[in-house]
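The values are calculated or read from the model by the stated rules, or taken from the named source; none is laboratory data. In this text, all values refer to a predicted model and were calculated from it rather than measured experimentally. Glycine gets a Cβ as well: all are built from the backbone with ideal geometry, and neighbour counts include every protein chain shown.
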């Protein structure tokens with residue numbers, strides 16, 4: 001949390017934050033008090049210095065009852081996700097479990113490639129689900145539509161006890177989740193081009 005406070009307080013302009021894991025540090029940032037790094041509390045610091053949050057989190061296939069690792073793995077994860085969804089003061093775009101589950105990448109990397117060895121050590125030499133690289137390419141594109149996604153706007157809600165996520169549709173809501181508009185091959189090819197030989 002202090003690392004984020006330092007980066008944001010030193011930033012000359014507004015930045016985007018990309019979150020591909022548990023949200024405890026983001027929640028801690030929001031709840032942080034003024035300190036030697038900034039006279040602003042965490043909520044005001046984020047409001048002043050962050051443009052947008054992009055997060056690999058949630059399972060939005062059923063907007064009434066989703067369950068996903070980054071929101072629900074532990075009680076701490078669920079509590080943090082609840083805080084972030086309730087308090088984060090800038091727009092948030094989620095790329096959910098259902099988006100990356102069927103897009104398998106990394107299996108065509110050449111011998112000697114460090115990432116190929118990581119996949120072998122992980123037990124997925126043929127590649128693995130592509131949640132994180134899909135989010136990374138989405139952020140680098142900076143535009144959901146241009147990256148091949150539709151957007152559902154509204155408000156994300158996460159139970160602080162169970163981590164189950166829900167979504168209330170609202171065209172003016174602060175949150176959004178993406179929906180694939182292209183076949184899996186489109187996303188797979190774009191990732192393989194980015195990480196390939």
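Is there a residue in region 174-195 that is closer than 20 Å to residue 65 by Cα and outside any strand (DSSP E or B)? There is at least one residue in region 174-195 that is closer than 20 Å to residue 65 by Cα and outside any strand (DSSP E or B).
For the criterion of being free of Cβ contacts under 8 Å to residues at least 40 places away in the same chain and part of a helix (DSSP H, G or I), residue 7 passes.
For residue 62, the conditions (1) out of contact with any strand residue (DSSP E or B) (no Cβ under 8 Å at 6 or more places or on another chain); (2) closer than 28 Å to residue 181 by Cβ; (3) assigned to a helix (DSSP H, G or I) are fulfilled apart from (3). Applying the criterion of being closer than 24 Å to residue 32 by Cα and out of contact with any strand residue (DSSP E or B) (no Cβ under 7 Å at 6 or more places or on another chain) to the residues of region 83-123, the residue that is surrounded by the most Cβ atoms within 10 Å (Cβ to Cβ) is 84. Region 77-158 holds strands (runs of 3 or more DSSP E) entirely within its bounds, and those carrying 1 or more residues that are in contact (Cβ under 8 Å) with a residue 60 or more places away in the chain and in contact with a helix residue (DSSP H, G or I) (Cβ under 9 Å, 6 or more places away or on another chain) map to 92-95, 104-106, 149-158.
Just one of (1) modelled with pLDDT of 95 or more; (2) surrounded by 13 or more Cβ atoms within 10 Å (Cβ to Cβ) fails for residue 127. It is (1). Considered as a group, the residues in region 10-49 that are in a loop (DSSP other than H, G, I, E, B), touching a residue at least 40 places away in the same chain (Cβ under 8 Å) and touching a strand residue (DSSP E or B) at 6+ places or on another chain (Cβ under 9 Å) include one that is surrounded by the most Cβ atoms within 10 Å (Cβ to Cβ), and that residue is 23.
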